Amino acid sequence: MDLRWLTASDDEFAAETARRPRMRRPRQAPWWWNALLLAIEVPLAWLASALVIWGTGLVHNGAGVGDVARWVAWFVVLVAGVVGLVVLLVRGERPRTLRPDEARAVLTGEASGYPARPVRPKPLDSMITPRYSGIRVHPRFGTVPVHVDGVPDVEFGCVQRRWMVSRDWTYLTVRLPGTLPHLLLDATANDGRRSDLPVVLRHRQRMSLEGDFDRHFRVWAPEDYGRDALYVLTPDVMAALVDHAAGWNVEMVDDRLVFSAPGTADWSRPAPWMQVEAVLGEVVPRIVRAASRYQDDRSLLEDGHADAIAAAGRRLVLRDRRKSRLRATWAGAVWMGVVCVSYSGPLAVAVVGSLSVLDH
């Protein structure tokens with residue numbers, strides 16, 4: 001890793017950033033932003049509805065100068081509110097200039113061969129990216145994609161929660177030359193009173209390895225895939241994991257190798273970059289070699305594809321403690337109902353009220 005920009009002088013840093021006027025942070029609205037907009041838009045919608053009914057009555061029944069003046073005053077309030085809302089929306093969607101520490105991290109990524117990547121809601125299928133919980137990935141560094149799926153071969157950054165049911169993670173993911181069974185290594189160094197894993201795994205999938213490796217990692221493999229796990233977790237791989245990745249949970253899923261640690265790293269400091277470099281240099285090559293040689297013979301009997309994993313080994317049996325699909329569906333339905341009623345209610349009242357005034 002080329003870390004010179006993390007410690008470069010302010011003058012040198014300012015000269016470099018001056019050549020890059022477009023170093024901006026993409027806008028990502030937090031969950032409360034939409035709620036705030038709704039809290040502003042709904043009163044304005046009801047005010048507009050009331051003004052329509054009031055104005056219809058003034059035109060239909062006639063009105064004095066005082067009534068018209070009051071109506072105009074409230075109309076000015078409505079226009080001012082709409083203008084303020086538009087300004088708020090424009091300012092909210094405008095990309096923001098990177099802070100100095102963020103800019104130093106971006107320059108470090110570019111100098112090291114891992115330029116900053118666009119924000120993504122879900123970059124990979126892993127236990128740290130729940131299917132039904134809101135997250136975003138920022139910052140995100142990675143190699144230039146060369147595959148049709150557009151996913152970099154190496155990518156790292158931070159998974160940030162947008163809903164309280166998720167949590168923050170620092171992650172590193174690497175594309176493997178072949179597919180592997182779903183293996184999960186739970187680092188004990190990250191544990192508090194219990195494991196930091198956001199999922200609950202079936203106990204029969206737990207396996208024990210030789211030596212003192214179990215003191216550093218709890219290993220989970222699909223049932224009947226214990227010998228396959230030993231093919232990947234060779235003694236040199238286990239030694240490298242203990243020496244250079246003891247603080248990372250490790251997941252092997254499909255053709256991806258995912259390292260994750262709780263919390264978000266500060267990429268303006270050298271430590272996270274050095275940790276990533278150690279994992280990429282000392283651990284990943286050993287696992288890549290094992291993945292390139294591995295073949296699940298069960299898949300040949302199942303579907304005839306030598307590069308595939310049999311159905312029993314593709315996914316661990318687990319339960320996500322963060323959020324169920326049913327709960328997410330109900331939450332989404334309630335939110336959509338609130339939005340629909342909030343916007344359609346004033347329109348319906350304005351139409352019905354105006355027709356009622358005209359009928360009388």
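Before moving on, here are some points about what is shown:
- Among the residues of the stretch 284-326, just one is surrounded by 13 or more Cβ atoms within 10 Å (Cβ to Cβ), farther than 24 Å from Arg204 by Cβ, charged (D, E, K, R) and modelled with pLDDT under 70, namely Lys323.
- Every listed requirement among (1) surrounded by 15 or more Cβ atoms within 10 Å (Cβ to Cβ); (2) among the small types (Gly, Ala, Ser); (3) within 30 Å of Thr7 (Cβ to Cβ) is met by Gly263 save one, (1).
- Residues of the stretch 45-66 classified as out of contact with any Gly (no Cβ under 9 Å at 6 or more places or on another chain), surrounded by fewer than 16 Cβ atoms within 10 Å (Cβ to Cβ) and at pLDDT 80 or above, total: 0
- Taking residues in the stretch 334-350 that are within 14 Å of Ala35 (Cα to Cα), and partners anywhere that are among the β-branched types (Val, Ile, Thr) and assigned to a helix (DSSP H, G or I), the pairs with Cβ atoms closer than 8 Å and at least 6 places apart or on different chains are Ser342/Val42; Tyr343/Val42.
Results for (1) under 22 Å from Arg293 (Cβ atoms); (2) surrounded by fewer than 14 Cβ atoms within 10 Å (Cβ to Cβ), shown as yes or no for each residue.
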site: His182; (1), (2): yes, no
site: Asp196; (1), (2): no, no
site: Val199; (1), (2): no, no
site: Gln205; (1), (2): no, no
site: Ser208; (1), (2): no, yes
site: Asp212; (1), (2): no, yes
site: His216; (1), (2): no, no
site: Tyr225; (1), (2): yes, no
site: Leu233; (1), (2): yes, no
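- Whenever a residue of the stretch 56-72 is at negative phi, its partners that are surrounded by 11 or more Cβ atoms within 10 Å (Cβ to Cβ) and not in a helix (DSSP H, G or I), lying with C-beta atoms within less than 9 angstrom and at least six residues away or across chains, give the pairs Gly57/Ala63; Trp71/Ala63.
The values are calculated or read from the model by the stated rules, or taken from the named source; none is laboratory data. Small disclaimer: the values here were computed from a predicted structure and weren't measured. With ideal geometry, Cβ positions are generated from the backbone for all residues, glycine too; neighbour counts draw on all protein chains shown.
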